[in-house]
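The values are calculated or read from the model by the stated rules, or taken from the named source; none is laboratory data. Just so it is clear, the model here is predicted, and its values are computed rather than measured. As a convention, Cβ positions derive from the backbone with ideal geometry for all residues, glycine included, and neighbour counts pool all protein chains shown. With ligands, DNA and RNA removed, areas are computed over all heavy atoms of the protein, side chains included. Shrake-Rupley method; radii C 1.70, N 1.55, O 1.52, S 1.80 Å.
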Amino acid sequence: MDIELLRTFLEVSRTRHFGQAADSMFLTQAAVSARIKTLENLLGVSLFIRKKRDIQLTPEGNRLISRADRLISEWRKIRQEISAGGASRQLSVGGSLRLWDIILQRWLILMREALPELALILESHTPELLTRKLLDGVLDLAFMLEPPQLEILHTRAVGKLLLRLVSNRPGETLEQALGKGYLMVDWGLTHALQHRRFFPDTPEPQTRLANGSLSLHYLLTLGGAAYLPEMIVQPHIDSERLYWVDDAPVFEHSVHAVFPVRSGRKELIDTILGYFPL
């Protein structure tokens, strides 16, 4: 089977629109339709219910989604394993969307400098999708703030994420920082519950963001206050562009490495976790 047929299927299932799928894949709509028709003929089933301005997956289409994603990932791993000269020096690593821009980029550079021969496949997903890919064997290792509690997955705390309240205005009190201009950053359910417990009377923020670097850029450009990782804020504290809110509590969250209990690459995983920067 042509792997591009599966890629096209996944794109149509994501967009639920043949034209949008064609644009994102730099194809004509006719080519996308032809690929889907070819795939349906190969499988002997209909994958989509086509209605005017509405495309829905059939039950067979829904069953194909996870399998298609797995096949594509496995094919990518096979190609890299062969070209890299062996599976023992290749890893597929995923990271939470919240962690890549504040921690994992630094870890990647440190690891790549130490292990230049290691073949890597790197992905960024939600915790739910990372868990599914670990269970499916698509990923060898994933980093998360809130790991799943499953017996077949091993969880190891590899560092701490310290979140401190920072403002672009010097000398602010906690009450002032949590007022007008406060930016709520999504650091996961655990943080949200702790935040509500500490600040039950805080007004609903006008702005919410789920990206640490974007939130930092927001503060530097538009001003305000937010809970951000100490490591990415410190240079701006030193240059007096931002200021700590001294009477604010500090939130601490563990960063976890998650991998299958029966992983055949545990020795390699132990090695690369040694370069984690926290």
When you look at residue 224, is it surrounded by 17 or more Cβ atoms within 10 Å (Cβ to Cβ), at positive phi and in contact with a helix residue (DSSP H, G or I) (Cβ under 8 Å, 6 or more places away or on another chain), yes or no?
yes
Condition test on residue 241, is it open to solvent by 10 Å² or more (accessible area, probe 1.4 Å) and assigned to a strand (DSSP E or B)?
no
Single residue of segment 132-165 satisfying the filter (of a type in the set (Val, Ile, Thr) and assigned to a strand (DSSP E or B)) that is most open to solvent (accessible area, probe 1.4 Å)
155
Being hydroxyl-bearing (Ser, Thr, Tyr), part of a helix (DSSP H, G or I) and either in contact (Cβ under 8 Å) with a residue 60 or more places away in the chain or touching a helix residue (DSSP H, G or I) at 6+ places or on another chain (Cβ under 7 Å) (or both) is true for just one of 13, 46. Which residue is that?
13
Counting only residues that are within 30 Å of residue 172 (Cα to Cα) and charged (D, E, K, R), which one in segment 244-278 is most open to solvent (accessible area, probe 1.4 Å)?
246
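Just to be sure I understand, how many residues within segment 244-264 are in contact with a helix residue (DSSP H, G or I) (Cβ under 9 Å, 6 or more places away or on another chain), touching a residue at least 12 places away in the same chain (Cβ under 8 Å) and in a loop (DSSP other than H, G, I, E, B)? Don't jump to the end; show me each part of the working.
Kept after step one, since they are in contact with a helix residue (DSSP H, G or I) (Cβ under 9 Å, 6 or more places away or on another chain), are these residues of segment 244-264: 244-251, 253, 255, 257-260, 263-264.
The next check asks that each one be touching a residue at least 12 places away in the same chain (Cβ under 8 Å); those that pass are 244-245, 247-251, 253, 255, 257-260, 263.
Then keep just the ones that are in a loop (DSSP other than H, G, I, E, B); that gives 245, 247-250, 263.
Residues flagged as in contact with a helix residue (DSSP H, G or I) (Cβ under 9 Å, 6 or more places away or on another chain), touching a residue at least 12 places away in the same chain (Cβ under 8 Å) and in a loop (DSSP other than H, G, I, E, B) within segment 244-264 amount to 6.
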